[in-house]
Each structure stands twice: as structure tokens, then as C-alpha cells.
Amino acid sequence: MEHINSKRFITDNFLLNSKEAETLYHDYAKVMPIIDYHNHLSPKQIAENLPINNITDAWLSGDHYKWRAMRANGIEEKHITGNTSKEEKFQKWAETVPYTLRNPLFHWTQLELKRYFNIDAILQPSTSEVIYKKANTHLSSKTPAQLLEEMNVEVICTTDDPTDNLEHHQAIAKKKFFTKVLPTFRSDNLLSIQHDGFNDYLKKLTSCVGFSIDNLEDLVNAIQNRVDFFNTHGCRLSDYGLEQIYAYQFTEKEADNILKKRLNNENITQDEARIYASFILYTLCKMYHAKGWVQQFHLGALRNNNSRLLKEVGADVGCDSIGDFSQAKPMSTLFNQLDAENCLSKTIVYNLNPSQNEVFATMMGNYGEAGIPGKMQFGSGWWFLDQKDGMEKQMNTLSNMGLFSRFVGMLTDSRSFLSFPRHEYFRRILCDLMAEDIKKGIVPNDIPFIGKMIQDICYNNAVKYFEFK
């Protein structure tokens, strides 16, 4: 590809297509702090708080979005997840960036270069060496805590397994960082009874709680032990990453028998696995409600489609895609059962298949509760949908089917400390969307009123919803 002119691309009014949009963003959205209530940042890195030093580590280590784009560009795997040098990997990413035009990666890359390093040049082979050196020089003196503070990030919620001892969160809590760092209870491994490592995982859980797990009662007690532990250390959210919600009919006795079979290394059927998972999911939801936690469901990913790369590199390396699972009935079954028992927590559900946006949005409208505005949330555009088109579709669907004004807004879902301009990206899109409505006469031309609504979506709603201490 020919050289891209490096004339300034990220301007003050990037993505803002009217004076109304400019006013809404600069006077209302831009000034709000960030609450990033779901990400995959490393608590260990934050606790150690050492400079990251190298932009390849900050950008390309673990970022399956970029890996996927590099593979699509024909880059050899050794330059993506292999053992080539950090500089070589960065150069291969620089080769790929010009080909990401109209992909959100192009916008994110340039926003991050501008916000963290004040670099206006477009990343490409002709600029990669200079950008690599300048970014590394800057990162050599910047710790994770400093990078978070510079982006005005008040709270982040990491994603943590129930067996985590939270030692890094405990260390962070003792430090006077600007950003509060809280754990999230991600319980997928407790549900995955058919996975090869399930029994080994229960052994690890046994070590955490200090008693053996020989039956379902033991397992439930162990889970409650970990929920209590996480709650003590500031946890306010739970999370699941599932193809679809488990909502099979079950009895406790059935689930107990299935678990005992698995503990005895006997084979269990797919239906048995779903019965067991349905019981555990229902039990977890009741525990979360008792603690006042928010529960999150990330639904619809078809994972590990490339068996060759799964074997060679592992899971979560950029070989997942949108699935076409049935979602409405299991959501209704679980949420209705919990609601009938007054045990339905505040809930955020994220949809990965845009053809089901209306399904998700209308399901959330079924289970309101007096005194809890926006209790059931149709979550922001997730994964393949956290780009301009996906965000706009999610916001338009939510506006049509629910109360957009009660939306708790954006999150990064990222593994990188350089990803927080994604909140700016979302806010610019939000402001431009609302400005277009003003211009078309769809909403009143009342900038202060619309501006307050935007500030609520960007920050205030999340403060009230999550009730972080």
C-alpha cells in the first residue's frame, strides 16, 4: 500500500459532524471521569506498578483483535504469537495498520497514539521506527497506575477466577492510587463440567477453601466461601462468558448425581452437563443477589473455530466469531424463575449477534423493580460490535425498546492499559448521534438537557448503578 499522508487525522472534532455534536462532546462528555466496569487488565501488573517500557508489550501481547487482523493480512504466526523480537512484531503490526482502514482498529490505533504519546503520524512502515522509539521512551517512565490516572479512570473492575487469592487486589488496596481496582467473580470454570480439566479445577478450589469437595453440597459451600471472600475484598460484579444461558429443568438430586459421576471420572452426556450447569448458574445468581452484586452475561460467542491454532497457540487467540444460538427462551426461563423468587440481581446482558439486538433489549424490559431505575441493562456493543456501527445499532435499539437515559454506558473489555481512549470513541459517537437527532427535530433542541443525559450515560448512571464503596 502506498504511503498514507500523515497530516493530522485525530482532530479535536474527530467524529463530530456538527456544532451541536462539538458542544455536547467538549462541554459535557469529555469532562466526565471513567468507570470501566469490565476489563481483563492484570491486577499483578497494577500491583507491581512497573513501567511497561515497550509498546509491543502494551499493544500486541494478548490482543487477539490485532492478532486476527494480522492473520487476515497474511502475517506469519511467528510475528504474531511466536518468538520473533518485539520490534519485528511491532513492524508487522505497522504493516497491517494501513489495511485496517474502516476497521475500528485503525481508529483505536490512532487515538491511542495521540492520547498517550501525542503522535499525529499514521502508523505504517514508513513511520514505525520513529513511533516505536518515541512510544517506548514515553512508556519507560509511565506505570500502569499513571496511565490510568492520566485517562481520568476512577474505577476499573478486573476479571478474576473464583480460585484467585486476590493478593494483588489486596496489595493495590493498600496503595494510594487514583484509580480504584476491584475484582469481578468470573465463574465459567464452575459450570464447565465436561471440560477435561474440570476435576483438576475442583482440586484447586478445594485448596482455596480448605475442605474436600465430594458432592454437590460441598461444592455449593465452596462456592459460597469464595463469594464471601470476594465480597470482603470489594467485589461488586460477577460475570459469565457463555454461548447461551443454561436454563434446563433440574433437581438438586440430579445435579448431585451428575457431579459425583464426573468426580468418579465417568462420562456424562451433554444433557447431564446442561442440567448440572443450570443448577450451578441458578445457585450462583441467588448468591449474587444476596450480596447485592451486579451480574453480567456475555452471550453468543462461537469460540475456538480454528482447531489447528487452538492446538498450536491455545484458546482466546483471535479465532472466535459470532454465533447464532437461541437466546430468548433460556433468558426468559432463568430471569423469570429468579424474579418470581425475588432473587433477580441487577443484570447486564451483552449480545454478540446484532440480528438479536431487539431480542435482548425487549427481554430486559420484562423485569423492572421499583426503586431501581435501569435494573436490567442491554449492555453496550461487545467484542465484534464495539465499533461505530455496532455502538450506534445498540444505542438505537435500546432507545427504541427501553430507556436509553438509564444506560450505564461503555467499558473497554480490554487487556491493554492503552485502551481507555475507547471511552472517548464511544462518547464522540454518542454525542454525534444525539446531535443528529437535534438537527432532525427528533428530540428537543435543548443542549443542557441533552448534555446532562449524556453525562449520565458516560458516568453518573454507573456511579448509582454499581454502588462502589
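The values are calculated or read from the model by the stated rules, or taken from the named source; none is laboratory data. Since the model is a prediction, treat every value here as computed from it, not as a measurement. Every residue, glycine as well, gets a Cβ built from its backbone with ideal geometry; the counts of neighbours run over all protein chains shown.
So here's what we get for this one:
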quantity: Residues satisfying the stated conditions in the range 206-234, i.e. over 28 Å from Lys469 (Cα atoms) and either not assigned by TED's automatic domain parsing to the domain that holds Val181 or not in a helix (DSSP H, G or I) (or both); calculated: Gly210, Phe211, Ser212, Ile213, Asp214, Asn215
quantity: Failed item in (1) closer than 30 Å to Lys86 by Cα; (2) among the small types (Gly, Ala, Ser); (3) in a loop (DSSP other than H, G, I, E, B), with Ala135 passing the rest; calculated: (3)
quantity: Per-region count, the range 307-360, residues in contact with a Leu (Cβ under 6 Å, 6 or more places away or on another chain), closer than 30 Å to Gly82 by Cβ, modelled with pLDDT of 95 or more and part of a loop (DSSP other than H, G, I, E, B); calculated: 1
quantity: Pairs, first within 29 Å of Ile46 (Cα to Cα) in the range 174-202, second polar (S, T, N, Q) and part of a helix (DSSP H, G or I), C-beta under 6 Å, six or more apart; calculated: Tyr201/Asn189
quantity: Selection count where residues are under 18 Å from Asp12 (Cβ atoms), of a type in the set (D, E, K, R) and either crowded, with 21+ Cβ neighbours inside 10 Å or free of Cβ contacts under 8 Å to residues at least 60 places away in the same chain (or both), scope the range 112-149; calculated: 1
quantity: Qualifying residue in the range 28-48 (condition: assigned by TED's automatic domain parsing to the domain that holds Phe185 and in contact with a Lys or Arg (Cβ under 6 Å, 6 or more places away or on another chain)); calculated: yes
quantity: Out of Glu149, Glu154, Glu167, Glu95, sole residue that is outside the structural domain of Ala29 (by TED's automatic domain parsing) and of a type in the set (Asp, Glu); calculated: Glu95
quantity: Output for the range 65-82, where each listed residue is buried (at least 17 other Cβ atoms within 10 Å of the Cβ) and either in contact with a Pro (Cβ under 7 Å, 6 or more places away or on another chain) or part of a helix (DSSP H, G or I) (or both); calculated: Tyr65, Lys66, Trp67, Arg68, Ala69, Met70, Arg71, His79
quantity: Those residues of the range 399-445 which are outside any helix (DSSP H, G or I) and of a type in the set (A, V, I, L, M, F, W, C), in sequence order; calculated: Leu403, Phe407, Val408, Met410, Leu411, Phe417, Leu418, Phe420, Ile442, Val443
quantity: Within the range 47-64, tally of residues that are part of a helix (DSSP H, G or I) and under 18 Å from the mean Cα position of the chain (by Cα); calculated: 3
quantity: The range 83-111: number of residues that are assigned to a helix (DSSP H, G or I), within 21 Å of Met391 (Cβ to Cβ) and without any contact (Cβ under 8 Å) to a residue 12 or more places away in the chain; calculated: 1
quantity: Close pairs from the range 29-45: first in contact (Cβ under 8 Å) with a residue 60 or more places away in the chain, partner in a loop (DSSP other than H, G, I, E, B) and of a type in the set (A, V, I, L, M, F, W, C), Cβ under 6 Å, at least 6 apart; calculated: Asp36/Leu411; Tyr37/Leu411; His38/Leu411
quantity: Test result for Pro144, farther than 16 Å from Pro51 by Cα and not basic (Lys, Arg); calculated: no
quantity: Candidate set from the range 311-320 (those that are within 22 Å of the chain's Cα centre (by Cα) and surrounded by fewer than 17 Cβ atoms within 10 Å (Cβ to Cβ)); member that is farthest from Ala361 (Cα to Cα); calculated: Gly314
quantity: Qualifying positions in the range 151-166 - without any contact (Cβ under 8 Å) to a residue 40 or more places away in the chain and within 21 Å of Phe468 (Cβ to Cβ); calculated: Asp164
quantity: Residue list for the range 1-37, filter: farther than 28 Å from Glu436 by Cβ and surrounded by 15 or more Cβ atoms within 10 Å (Cβ to Cβ); calculated: Ile4
quantity: Filter result for Leu259 (touching a residue at least 40 places away in the same chain (Cβ under 8 Å), within 28 Å of Phe384 (Cα to Cα) and in contact with a helix residue (DSSP H, G or I) (Cβ under 7 Å, 6 or more places away or on another chain)); calculated: no
quantity: Single residue of the range 143-155 satisfying the filter (touching a helix residue (DSSP H, G or I) at 6+ places or on another chain (Cβ under 8 Å) and either in a loop (DSSP other than H, G, I, E, B) or of a type in the set (Gly, Ala, Ser) (or both)) that is nearest to Phe420 (Cα to Cα); calculated: Met151
quantity: Among residues of the range 156-205, those that are surrounded by fewer than 20 Cβ atoms within 10 Å (Cβ to Cβ), part of a strand (DSSP E or B) and among the hydrophobic types (A, V, I, L, M, F, W, C), counted; calculated: 0
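This table checks each residue for (1) among the β-branched types (Val, Ile, Thr); (2) within 20 Å of Trp108 (Cα to Cα).
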site: Asn5; (1), (2): no, yes
site: Ile34; (1), (2): yes, yes
site: Ile46; (1), (2): yes, no
site: Ala58; (1), (2): no, yes
site: Lys78; (1), (2): no, no
